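Q: Can you keep this structure in mind? I'll have questions shortly.
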Amino acid sequence: MTSNLQLISFLVSFIFGFFFYFLTNFNFEIIKDLKVYLKHIITFIYVIDMVIIYVIIFYHLNKGYFHIYFILMVFIGFIIGYIFYKKVVSKINVK
């Protein structure tokens with residue numbers, strides 16, 4: 001894997017983690033009024049779908065080369081998304 005492809009993979013993993021936080025937050029907002037067992041089932045299906053989407057992206061991006069530090073970048077993107085949400089988005093008052 002070339003260094004350019006690795007940098008692109010890092011960036012895609014980071015962006016995926018960032019959007020994964022917002023989609024997870026949206027998922028929890030949608031299912032907050034459901035029964036507990038339905039919440040667990042829908043969340044499980046949501047996570048499986050996100051993993052499949054991530055794997056498909058990586059198969060198209062770099063022929064399926066996968067390293068553990070790409071998962072670290074997804075986690076860092078998720079944390080940055082959380083911080084961004086708490087500092088910026090939660091301050092917006094929509095009335």
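The values are calculated or read from the model by the stated rules, or taken from the named source; none is laboratory data. Being a predicted model, the structure only gives us computed values, none of them experimental. As a convention, Cβ positions derive from the backbone with ideal geometry for all residues, glycine included, and neighbour counts pool all protein chains shown. When the accessible area is computed, the model is the full protein with side chains, heavy atoms only, and any ligands, DNA or RNA have been set aside. Shrake-Rupley method; radii C 1.70, N 1.55, O 1.52, S 1.80 Å.
Q: Asn62 fails exactly one of the following numbered conditions: (1) under 14 Å from the mean Cα position of the chain (by Cα); (2) touching a residue at least 12 places away in the same chain (Cβ under 8 Å). What is the number of that condition?
A: Among (1) under 14 Å from the mean Cα position of the chain (by Cα); (2) touching a residue at least 12 places away in the same chain (Cβ under 8 Å), Asn62 violates only (1).
Q: Within the set of pairs 6 or more residues apart or between chains, which connect a residue that is touching a residue at least 12 places away in the same chain (Cβ under 8 Å) inside region 34-52 to a residue that is not in a helix (DSSP H, G or I) with Cβ atoms less than 8 Å apart?
A: Final answer for the pair search is Ile42/Ile31; Ile42/Leu34; Thr43/Ile31.
Q: If you don't mind, there's one more thing I want to ask. Every residue in region 72-95 that is of a type in the set (Val, Ile, Thr) and surrounded by 15 or more Cβ atoms within 10 Å (Cβ to Cβ), please.
A: Passing the criteria: Val74, Ile76.
Q: In addition: Any idea how many residues of region 35-71 are touching a helix residue (DSSP H, G or I) at 6+ places or on another chain (Cβ under 7 Å), open to solvent by less than 70 Å² (accessible area, probe 1.4 Å) and in a loop (DSSP other than H, G, I, E, B)?
A: Qualifying residue count for the region: 1.
Q: If you don't mind, there's one more thing I want to ask. Please specify each residue of region 12-34 satisfying the condition of being closer than 24 Å to Lys87 by Cα and either of a type in the set (Val, Ile, Thr) or open to solvent by 100 Å² or more (accessible area, probe 1.4 Å) (or both).
A: Selection gives Val12, Ile15, Phe19, Thr24, Phe26, Phe28, Glu29, Ile30, Lys32.
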